[in-house]
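Written out below as structure tokens is the structure these notes cover.
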Amino acid sequence: MSEIEIRKVTAKIGAQISGIDIAKPLDDETIAAVRAALNEHKALVFDAEGLDDEGQQAFARQFGDLTTAHPTVPAVDGAPNVLPVDSERGRANHWHTDVTFVLNPPQASTLRSITIPPYGGETLIANSAAAYRDLPEPLRRLADNLWAEHTNDYDYAVPDEEIDEEQAEQRAQFTSIKFRTAHPVVRVHPLTGERGLFIGGFAQRIIGLSVGESRKILDILQAYVTRPENILRWRWSPNQLVLFDNRITQHYAIDNYDGQPRRLHRVTVAGDVPVGIEDKESYSIAGDASHYTSVTEVG
């Protein structure tokens, strides 16, 4: 087993990992140690010197089967499991958990820095378990019993006249298959048993409530996720990889770099079907994601 050094970055989320060459295969003990660190810290930062797309996929595959790049968005040429997160193709400057509009979103995501701007371009990652613990008891009891519909097809609150032709094409591609899935607002992590707020940008409506009522409740809960104390603000350096637990975090890419080039590559690990506090599983309302992900066992 490698001599792993774990250095916390903030009190509630994030750690830098050293002593591991992630460009090489990891032994079982090291994989278990990384998984344990991920369970505890939610987001891990590694030196990725010498890592290419193939190596990133090989690293992620040690934690489970890979998804394809995305249910509707094209992959990197020749690498069907790699999604280019490119400023020229749009900017994900909203809080979200990856692909929660499908029945079993990824359990974990990896992001690797390819091109970074000279300033700005940080990624924020929030600990949704800490957010749940922060809730006052009455709000916690309310959240425990709520379910939310997640979808990739919703009003982005951007007037049509402000969208250019390229942006309209990107939006049409993103919604070329329309997904709607019901998830528990409070998800139980299958490995740690922690409860976390499972909401974010794709959660558009509370089951049984109107859109307007839903928005008010979701905004209240989301405010706990995005408390500064619950957030890792990661300033990218060249050749870095961040691994984060997609089951119990949200993230946000800050658009603060004056339109300069910014590119990361994302590879995600297939996940299990979310479960709420009463052991009820999420259920699909519309859209088949079998081309994108397998349903994995807990791991």
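Every number in this text was worked out from the coordinates using simple rules, so none of it is lab data. Please read these numbers as outputs of a predicted model, since none were measured by experiment. Note: ideal-geometry Cβ built from the backbone for every residue, glycine included; neighbour counts use all protein chains shown.
Here is how the numbers come out for the structure above:
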{"quantity": "Unsatisfied cross-links (Cα-Cα over 28 Å) in the set LYS178/LYS280; LYS24/LYS178; LYS178/LYS216; LYS12/LYS216", "calculated": "LYS24/LYS178"}
{"quantity": "Value at 222 nm in deg cm²/dmol, rounded to 500, when DSSP H runs of n ≥ 4 in the chain each add -39,500 (n - 2.57)", "calculated": "-6500 deg cm²/dmol"}
{"quantity": "Length added when fully stretched, ARG215-ASP28, from 0.36 nm per residue minus Cα-Cα", "calculated": "62.9 nm"}
{"quantity": "Peptides 183-190, 69-76, 285-292 ordered by average Cβ neighbours within 10 Å, highest first", "calculated": "183-190, 69-76, 285-292"}
{"quantity": "Radius, Kirkwood style, for region 56-150 when every pair of distinct Cα atoms is counted (Å)", "calculated": "16.3 Å"}
{"quantity": "Label-point separation in nm, ARG133 to GLU40, each point 7 Å along Cα→Cβ", "calculated": "1.3 nm"}
{"quantity": "Residues SER210, SER18, SER128, SER87, sorted so that the one with the fewest Cβ neighbours within 10 Å comes first", "calculated": "SER210, SER18, SER87, SER128"}
{"quantity": "Size-normalised alpha-carbon gyration radius of region 182-251, reference 2.2 N^0.38 Å", "calculated": "1.31"}
{"quantity": "Label-point separation in nm, ILE277 to GLU5, each point 7 Å along Cα→Cβ", "calculated": "4.1 nm"}
{"quantity": "Lys, Arg +1 and Asp, Glu -1 on Cβ, resulting dipole of region 176-219 about Cα centre, debye, nearest 20", "calculated": "160 debye"}
{"quantity": "ARG205 long-range amide H proximity, modeled H, under 5 Å", "calculated": "GLU149"}
{"quantity": "Inter-site label distance for VAL295 and GLU165 at 7 Å from Cα along Cβ, in nm", "calculated": "4.3 nm"}
{"quantity": "Full-stretch length increase - THR226, THR175 - with 0.36 nm per residue and alpha-carbon distance subtracted", "calculated": "15.7 nm"}
{"quantity": "Hz values of 3J(HN,Hα) by residue in region 63-69 - Karplus curve (6.51, -1.76, 1.60), Gly and Pro given as x", "calculated": "10, x, 4, 8, 7, 6, 4"}
{"quantity": "Sorted by Cβ density within 10 Å, fewest first, the residues ARG171, ARG112", "calculated": "ARG171, ARG112"}
{"quantity": "Whole-number D in µm² s⁻¹ for region 18-177, Kirkwood Cα-pair radius fed into Stokes-Einstein, 20 °C, 1.002 mPa s", "calculated": "115 µm²/s"}
{"quantity": "Distant-in-sequence amide H partners of TYR257 (H built 1.01 Å from N, under 5 Å)", "calculated": "GLY121"}
{"quantity": "Over the chain - Rg/Rh using Cα atoms and the Kirkwood inverse-distance radius", "calculated": "0.94"}
{"quantity": "Furthest towards positive pole of dipole, SER214, GLN167, PHE244, structure part the chain, Cβ charges", "calculated": "SER214"}
{"quantity": "Label zone at ARG233 (point 7 Å along Cα-to-Cβ), backbone N below 17 Å, region 1-21", "calculated": "9-15"}
{"quantity": "Neighbour count of at most 12 Cβ within 10 Å plus DSSP loop: longest GluC sites (Glu not before Pro)-free window in the chain", "calculated": "50-277"}
{"quantity": "Residues with amide H under 5 Å from that of THR249, placed H, sequence gap 5 or more", "calculated": "SER128"}
{"quantity": "Exposure proxy order (Cβ contacts within 10 Å, fewest to most) of THR192, THR123", "calculated": "THR192, THR123"}
{"quantity": "Size of electric dipole in region 69-286: Cβ of Lys, Arg +1 and of Asp, Glu -1, about Cα centre, debye, nearest 20", "calculated": "680 debye"}
